[in-house]
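Single-structure report; data block below.
The values are calculated or read from the model by the stated rules, or taken from the named source; none is laboratory data. Computed from a prediction, not measured in an experiment: that's the story for all the values here. We place every Cβ from the backbone using ideal geometry, glycine too, and count neighbours over all the protein chains shown.
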Amino acid sequence: MTPISLPMAELKPALTGLGKIIHRQATLPVLQCLRIERTVDGWVCLTATDLERYATVRLEQPAEGDPCTLLVHFDDLVRVAKACARQESIGIEQTSSKCVSASFALVGKIGMNKLRSLPVAEYPDLPRITGEPVPLPGPFRTALKEAMDCTSKDHTRPVLEGVCIDVSVPDAHYVVGTDGKHLYSGNSLQLALPQSLVLPRHKFLAWRDFQSDGEWWLTRGVHNGLDHVQISSRRWRFITRVIDHPYPSWRQVIPGDKRFMTAIRFDPLKLDGVLQMLEQMEEQEDEFRTVGIEWRGGKVQFLHHPSSAGKAWDEVAVPGASGEGVEVTVFCNRLLLLKALKFGLLELDLIDELSPLRFREGGRRLIVMPVRVRTTSDPEPGPVPVPVNAPAPRHLPPIKATHPHSAPDMNPSLNSTPLADPRSQPPAEPGSPRLEEVLESLDQLRGSCTKSLSQIKDLTGKLRLIQRDQRSSQRGLQTVRHTLRSLQGIRF
């Protein structure tokens, strides 16, 4: 059999993409192998799978030889590829059911290496998606990558781990991703899809080489009774299962245009300075990563609260930013603000300090829930009117001022347990701890833990300093001893 030739210039980047699919600790040994096939027409294809997703790459030029298929252990092939130069090639040939030989140039000679293999029959069947391919425009890739960056990392909410391609409105197709605290939507595209779908998040889809590998085509079909989607580029083919759970009604959380009272615009020419300013705030920030955005007195500024208790908010002017409308101060998560600006969403619309923030640019939107900051200066809530003939309400102690709290989940339909009204709870039994006492104890315990961690950090720094001094002293003693030995050898 003629060996299958694999040029290093194509194999090395292909292994990078296939490595995003291969599971190194897979319980099935066959899932740690690559499937290498030479077709009747001479095309060489490499495939990797984890049983949920399949990625296949086709090399640029066809090769001579009879059609054949073999399996190669991924780590073994990577090890051989690292030892070869970019302009070289290696030849793969099956020698036994558990072994494959790899030949390569070695100092003017031919080197041979044995690689692990398995029978081809053990490899999972490759899906054959035979639906009608739909072209995906260029903006879809950017929208998909940014939407995946906004999806949830919580495995208990699998539908939020995917990106919704919403085509329910004929003239406005959207790519949506959310984790319940912020929501991304992009609608600068038109897709010829018959119905909406939820595409699972995967790092391969955001891989740079796949993003730049020619035009994308999407095909939807069924494999083994399950709904699958295939995204094809010039050389790559990615197949994954579709999330079959219904996506939340995301349009309900987006405020209407008429509600926004303030507009802030960040200067794209000075964006690097603004990003650097926000990243430097990481060294001194509270546990909620709270940062304020204030439009007041004709200028835009950030409000930063140092981690040390008792200090006032620092005001930092935002270079190049401009605004108009009602003066307002809104607090949000610093990481979400950074994400919006890095996406290039430089127009910010505000309603008030408790309503969602909207970052936008063109057809892309990022809705961010605010962070509510409560201080001792906040007024206490007024009395609740009691209907006539209603039982006398139980007087609860006033709630103490706390540090910033995050706003509630922007998808209330996803929270299965509603919050109960404290006034509707039964009276506490005599001698039983009250909710306020438990919360106060938890706050004290958290403060003690934070203080202990700070002390441990200080002690660690002191120990490292002592260790450094001891090493310096030992080096000095060794120098003195060496000098004394030299002096002892001198005879007068």
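Please go through the range 1-21 and give me each residue that is touching a strand residue (DSSP E or B) at 6+ places or on another chain (Cβ under 7 Å), surrounded by fewer than 20 Cβ atoms within 10 Å (Cβ to Cβ) and more than 21 Å from Cys84 (Cα to Cα), ordered by number.
Met1
Pick from the range 83-121 the residues that are touching a Pro at 6+ places or on another chain (Cβ under 7 Å) and among the polar types (S, T, N, Q): which of them is farthest from Glu60 (Cα to Cα)? Steps first, please.
Within the range 83-121, the first condition is being touching a Pro at 6+ places or on another chain (Cβ under 7 Å), and the residues that meet it are 89, 91-93, 97, 103, 118.
Filter once more, so that each one left must be among the polar types (S, T, N, Q): 89, 97, 103.
Details: Ser89: 14, Ser97: 28, Ser103: 21 Å.
Looking at residues that are touching a Pro at 6+ places or on another chain (Cβ under 7 Å) and among the polar types (S, T, N, Q), I get Ser97.
Val222 - would you say it is in the same structural domain as Pro139 (by TED's automatic domain parsing), assigned to a strand (DSSP E or B), surrounded by fewer than 17 Cβ atoms within 10 Å (Cβ to Cβ) and without any contact (Cβ under 8 Å) to a residue 40 or more places away in the chain? Walk me through it before giving the result.
Details: in the same structural domain as Pro139 (by TED's automatic domain parsing): yes; assigned to a strand (DSSP E or B): yes; surrounded by fewer than 17 Cβ atoms within 10 Å (Cβ to Cβ): yes; without any contact (Cβ under 8 Å) to a residue 40 or more places away in the chain: yes.
Yes; evaluated as a whole, the condition is true for this residue.
Considering only the range 271-287, I want to know if a residue exists there that is in contact with a Gly (Cβ under 6 Å, 6 or more places away or on another chain), surrounded by 13 or more Cβ atoms within 10 Å (Cβ to Cβ) and farther than 18 Å from Val175 by Cα. Break it down stepwise before answering.
Our first condition is that a residue be in contact with a Gly (Cβ under 6 Å, 6 or more places away or on another chain); within the range 271-287, this holds for none.
No, the conditions are met nowhere in the range 271-287.
Can you name the residue in the range 44-86 that is over 20 Å from Ala102 (Cβ atoms) and of a type in the set (A, V, I, L, M, F, W, C) and is also surrounded by the most Cβ atoms within 10 Å (Cβ to Cβ) among such residues?
Among those residues, the one meeting the criterion is Ala55.
In the set Lys203, Lys153, which member is surrounded by fewer than 20 Cβ atoms within 10 Å (Cβ to Cβ) and closer than 20 Å to Val368 by Cα?
Numbers: Lys203 fails: closer than 20 Å to Val368 by Cα.
Only one candidate passes the filter, namely Lys153.
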